[in-house]
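Below you'll find the structure, written out as structure tokens, and then a few comments.
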Amino acid sequence: MHLLQYLHQETDAHWSLSASPVGTAFGVPGHDGSALSFLCLHDDLEPQRYQRLGAAVASALGSIAEAEARSVVVLQDPSDLAPSATGEVDGRMVAYFQPIVELSTGEVVAIEALARMQTADGVLGPDAFLDAYSTGASMLSLFDRMLDSSLQFLGDFRHRMPDLSAALNLEFAGVPDFGLAELVERRLIETGTEADAITIELNERIAYQLTDGARSQLRKLVDLGVKLLLDDVPHSFHALDQLGDIPVSGAKLDRRYVQQVTGTERDVAEVRAILARAAGAGIEMIAEGVETQSQCDKLVQLGCRFGQGYLFAVPQPAGSLSAVLGAPLVGSW
């Protein structure tokens with residue numbers, strides 16, 4: 001049902017689903033009489049039946065569309081998306097980038113690196129593969145891949161936007177007892193990048209307990225000049241207790257609360273309290289998932305200075321994002 005709601009939201013069309021012998025078919029009639037569709041396969045599908053997927057989808061759609069399916073996407077087997085046993089990142093993993101802007105002007109101040117996987121069926125988002133990256137080695141390898149891509153991006157734009165910085169994600173559970181600060185410092189030296197151009201966004205997807213060694217690594221990163229940021233505030237405020245005296249310079253306001261800013265006065269008051277708590281702790285807030293100009297305007301009124309979301313730009317490869325950088329992005333979507 002969540003998928004149906006998402007498809008309706010993204011395409012403004014009413015998708016339907018039905019069962020088939022090989023999986024669950026999702027489809028919507030096309031304007032030209034053909035059916036746009038895809039099939040979520042059952043786990044026990046025999047390989048020789050792949051050749052009949054088009055017919056299976058068209059049959060399963062039935063009343064959804066009295067036409068042959070013209071497009072079938074076979075969802076990947078989750079085991080095919082996992083890193084190697086040693087934690088090495090899949091070669092298909094790439095970085096997409098989304099700008100972070102100053103909300104009042106639309107000026108791009110940073111970019112966030114977001115992991116994506118390129119497959120024959122299209123580009124997969126993190127929900128498709130991230131669960132497979134749950135060991136320390138795999139999380140650190142993925143972080144290093146995103147760091148390398150981010151530093152390359154900054155290097156390519158240094159002459160145009162010398163103050164541009166990059167944010168990239170790392171699980172609290174993925175912070176090792178040793179080696180992380182040395183890895184980041186080595187990459188910075190190799191690319192001639194200042195440490196304050198990098199922000200590490202710490203998130204809590206996996207349960208964690210910071211060890212003394214992990215705290216030492218985070219302290220070394222801060223001493224280098226790297227900035228730390230908390231994901232999904234207010235839920236992650238409690239992480240401040242584990243970090244102790246390690247300074248956090250920023251935090252992401254969860255998109256749920258961004259949606260609240262145009263709601264009732266009670267909703268707005270809750271967001272105002274979150275922003276006040278962050279300000280009291282000296283933490284700069286970045287609003288996530290800003291989708292409308294009214295949300296943007298209200299956040300500015302509430303004192304939130306920075307944000308990112310579809311209002312400004314969707315996550316995209318470095319090449320396409322380069323075409324829009326350097327110009328204000330407010331209202332571009």
Filtered residues of the stretch 277-300 (kept if in a helix (DSSP H, G or I) and of a type outside the set (D, E, K, R)): A278, A279, G280, Q293, S294, Q295, C296, L299, V300
Requiring at least 3 residues that are more than 20 Å from the chain's Cα centre (by Cα), touching a residue at least 40 places away in the same chain (Cβ under 8 Å) and farther than 19 Å from L325 by Cβ, the helices (runs of 4 or more DSSP H) wholly within the stretch 92-207 are 180-191
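Each value in this text was obtained by applying a stated rule to the coordinates, not by laboratory testing. Note that the structure is predicted; figures quoted are calculated from it, not measured. As a convention, Cβ positions derive from the backbone with ideal geometry for all residues, glycine included, and neighbour counts pool all protein chains shown.
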